Amino acid sequence: MATEQRQLDELGYYLLAGSGGGGPVHLTDDARKGEVLGLGTAFISERWNVKEAASLTGAACAVTERTRVATAATNPNTRHPLITASWATTMHRLSGGRFTLGIGRGVAAMYSAFGIPAVTTAQLEDWADVMRRLWRGELIIGHDGPLGSYPVLVLDQSFDEDIPLALVAFGPNTLSLGGRVFDDVILHTYFSPETLQRCVQTVKLAAEKAGRDPDSVRVWSCLATVGDHLPEQLRLKKTAARLATYLQGYGDLLVRTNDWDPGALQRFRADPIVTSIAGPIDGVATADQIEHIATLLPQEWLVSAATGTPRQCADRIRAEFSYGADRVIMHGSTPDELAPIVAAYRDTEQKRPVR
């Protein structure tokens, strides 16, 4: 008799990873395939093109039965708080409690270009408090705080919902907020092992100081996972080109967080091929341009990923747990691309507590 495979609650993946250039029509098929693989959580990152989070989370929950669906992330300041709270409650009930509402600060330069005020740590904390009060059925009169001023906020006073909140965190202030207030903290891709360890410690210590059980706050490593069973050009696009795109947007922050060489970042930025590319490198650069850009990136920056054979990728995923991560997002690959790696992970499975 065949043994039913274990649900891998400790592993997640992204639907429509990257820019979503393939179109949202692929989301439902990939969500079904991710559930067949037994992956615990399907993440959705909102972009203002064809990756509108409310529509996509509804589609993902509709075609799955066991997978948790989470935003990682949407923004707290692009919808009225009542709209966000109502959407989350709707998803929570439609999915039978499988929805996690995850938010992030967003990219400051993009906000500035679109005329949207930057998000502060105080706003993130106030937002989380308002969401939970609304889900408890509170009638909030005269709210005046970092989130804004609202004469009345209420959903339904019969509500008593327990909806997990996640925070995509980068710097120490946001990490500490995650430990104090949120249920899940999701880290950025291309964090070195040392950075991962430091981030986990920051989150757990903040939780403990706030009187919370540190183990109740799940810290997710976001690990680029790209096996060598994929064609080389596709691997370069998912690794070097993806990292280069991050460097375009917030390279100083990523380099400073990882204690990388800022001189290498300056050389990357000054390169004529890099400066000639109008748009995200992983979205618009040619294969020849990506091959050149890969030579600009120090190898130590690229090793913070799961690469190689499926077995090597599985071993690298397991290493993230030894660095302190509670859970791991296999970032940048579809369920079809992850299938050999998940099989290798199961083959080498060792029992470990999953929080």
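All of the numbers you see were taken from the coordinates with simple rules; none came from a lab. It should be emphasised that the depicted structure is a prediction, and the values quoted were computed from it without experimental measurement. So basically every Cβ, Gly included, is an ideal-geometry build from the backbone, and we count neighbours across all protein chains shown.
The residue list Thr286, Thr309, Thr348, Thr275 contains one member that is in contact (Cβ under 8 Å) with a residue 60 or more places away in the chain, surrounded by fewer than 19 Cβ atoms within 10 Å (Cβ to Cβ) and β-branched (Val, Ile, Thr), which is Thr309.
Annotation: Arg93 fulfils all but one of (1) surrounded by 14 or more Cβ atoms within 10 Å (Cβ to Cβ); (2) part of a helix (DSSP H, G or I); the unmet one is (1). When the stretch 100-116 is examined, which residues are found to be surrounded by 23 or more Cβ atoms within 10 Å (Cβ to Cβ) and closer than 10 Å to Asn75 by Cβ? Within the stretch 100-116, Ile103, Gly104 qualify. The set of residues from the stretch 111-140 being out of contact with any Phe, Trp or Tyr (no Cβ under 9 Å at 6 or more places or on another chain) and more than 26 Å from Arg218 (Cβ to Cβ) comprises Tyr111, Ser112, Ala113, Gly115, Ile116, Leu139. Residue check: is Val119 over 26 Å from Lys51 (Cα atoms), outside any helix (DSSP H, G or I) and not charged (D, E, K, R)? So Val119 does not fit the description; no. The C-beta contact set for the stretch 98-112 (first residue without any contact (Cβ under 8 Å) to a residue 40 or more places away in the chain, second residue of a type in the set (A, V, I, L, M) and crowded, with 20+ Cβ neighbours inside 10 Å, distance under 7 angstrom, 6+ apart or interchain) comprises Arg98/Val69; Gly106/Val119.
For the stretch 309-350, the candidate set comprises residues that are small (Gly, Ala, Ser) and under 18 Å from the mean Cα position of the chain (by Cα); within that set, the residue that is farthest from Ser192 (Cα to Cα) is Ser333.
State whether one or more residues within the stretch 73-90 are in contact (Cβ under 8 Å) with a residue 60 or more places away in the chain, in contact with a Pro (Cβ under 7 Å, 6 or more places away or on another chain) and hydroxyl-bearing (Ser, Thr, Tyr). Looking for residues that are in contact (Cβ under 8 Å) with a residue 60 or more places away in the chain, in contact with a Pro (Cβ under 7 Å, 6 or more places away or on another chain) and hydroxyl-bearing (Ser, Thr, Tyr), one finds none in the stretch 73-90, hence no. So which of Leu234, Leu247 is crowded, with 16+ Cβ neighbours inside 10 Å and among the aliphatic types (A, V, I, L, M)? Exactly one residue qualifies, and that residue is Leu247. Here the helices (runs of 4 or more DSSP H) wholly within the stretch 170-281 that include at least 3 residues being within 19 Å of the chain's Cα centre (by Cα) and under 26 Å from His292 (Cα atoms) are 240-258.
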